[in-house]
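Following: one structure in structure tokens, then a few remarks.
The values are calculated or read from the model by the stated rules, or taken from the named source; none is laboratory data. Treat the numbers as computed from the prediction; the structure is a model and nothing was measured. Methodologically, a virtual Cβ is constructed for each residue, glycine included, from the backbone with ideal geometry; neighbour enumeration extends over all protein chains shown. Heavy atoms of the whole protein, side chains included, go into the accessibility calculation; ligands, DNA and RNA do not. Shrake-Rupley method; radii C 1.70, N 1.55, O 1.52, S 1.80 Å.
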Amino acid sequence: MTSGESALARSGADMICSVAKHMARGKFISFEGLDGCGKSTQLEKLAGALRRQGIDVVTTREPGGTELGERIRAVLLSSRTAGLDPHAEMALMFASRAQLIADVVLPALEAGKWVVCDRFTDSTEAYQGGGRQLGGEGVLRLHEVLCGGVWPDLTILMDSEVSSSVSRARRRNKSAEQDENRFEKESGAFFTRVHETFLEIARREPQRVVLIDARPPIEVVHEEIVRVVKERFLLMI
Ligand code: TYD
């Protein structure tokens, strides 16, 4: 073999290796939407459908998903947490996310598993950027620095009506054992800003973010989500 031929053989082998690596990498799907829009139910149903197809799925949530993240979640969501500065709130969301990416998301994707995550950086843009009016630019800059360019392959944005979603979340959290009420205490104007920011993100990134009407019955919404996932990843579910 000449040196030219062996270089060619090497680059061919490298290419096969990188294609194999690429093929083995799992997919990352996030669910977004207002509190009480039904995304956690839909997330579990999608994970079930994927598992029935033999796909190894890891489900997780934000804030939380790791031991440290769950401790940060308790601080962020407890109604006893008073006087938390909006910038500190945003920093804690990113602290939880950075830990989740390092401990859960990247190891799972690299092992060929699929990750389905309840909320990701779009929530920070919508709640802290929009709701708290800190603006989206800083959120995206922090994401770049702290999350190393990790973005979902697909984001399911569950679109629901502001007042009914928030009342549902308030009812649910009132009867829950854990105190996760801090955000539900916010005003209708806050949630309207959150909702509008989610819609702006969907308009800005139509290739990643798919808007799903969350109002029809659970099974109808589930079928629509499965259709989107099948189409996006060319699955035969
Ligand atoms: P979640 O557990 O998804 O609440 P729900 O089931 O009611 O939708 O999310 C917890 C809360 O944290 C929710 O009110 C949104 C808020 N949040 C932010 O404000 N910023 C963020 O970056 C994330 C991930 C969540």
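Taking the numbered list (1) aliphatic (A, V, I, L, M); (2) surrounded by fewer than 19 Cβ atoms within 10 Å (Cβ to Cβ); (3) within 16 Å of the ligand (Cβ to nearest atom) in turn, Val228 passes all entries but (3).
Taking the conditions exactly as written (open to solvent by 20 Å² or more (accessible area, probe 1.4 Å) and within 12 Å of the ligand (Cβ to nearest atom)), does Arg141 satisfy them or not?
The answer is no for Arg141.
Which of the residues spanning segment 109-124 are open to solvent by 10 Å² or more (accessible area, probe 1.4 Å) and more than 8 Å from the ligand (Cβ to nearest atom)? Matches in segment 109-124: Glu110, Ala111, Gly112, Lys113, Trp114. I'd like to know if segment 92-106 contains one or more residues that are open to solvent by 10 Å² or more (accessible area, probe 1.4 Å), near the ligand (Cβ under 10 Å from one of its atoms) and not charged (D, E, K, R). Within segment 92-106 (the criterion being open to solvent by 10 Å² or more (accessible area, probe 1.4 Å), near the ligand (Cβ under 10 Å from one of its atoms) and not charged (D, E, K, R)), the answer is yes, since at least one residue qualifies.
The set of residues in segment 184-197 being open to solvent by less than 20 Å² (accessible area, probe 1.4 Å) and within 12 Å of Ser167 (Cα to Cα) consists of Glu184, Phe191. All of Asp85, Asp122 fail the test of being at pLDDT 95 or above and over 17 Å from the mean Cα position of the chain (by Cα), apart from Asp85. Residues in segment 198-218 that are open to solvent by less than 20 Å² (accessible area, probe 1.4 Å) and of a type in the set (D, E, K, R): Arg208 alone.
Determine whether segment 138-156 contains at least one residue that is part of a helix (DSSP H, G or I) and touching a strand residue (DSSP E or B) at 6+ places or on another chain (Cβ under 9 Å). No, segment 138-156 contains no residue that is part of a helix (DSSP H, G or I) and touching a strand residue (DSSP E or B) at 6+ places or on another chain (Cβ under 9 Å).
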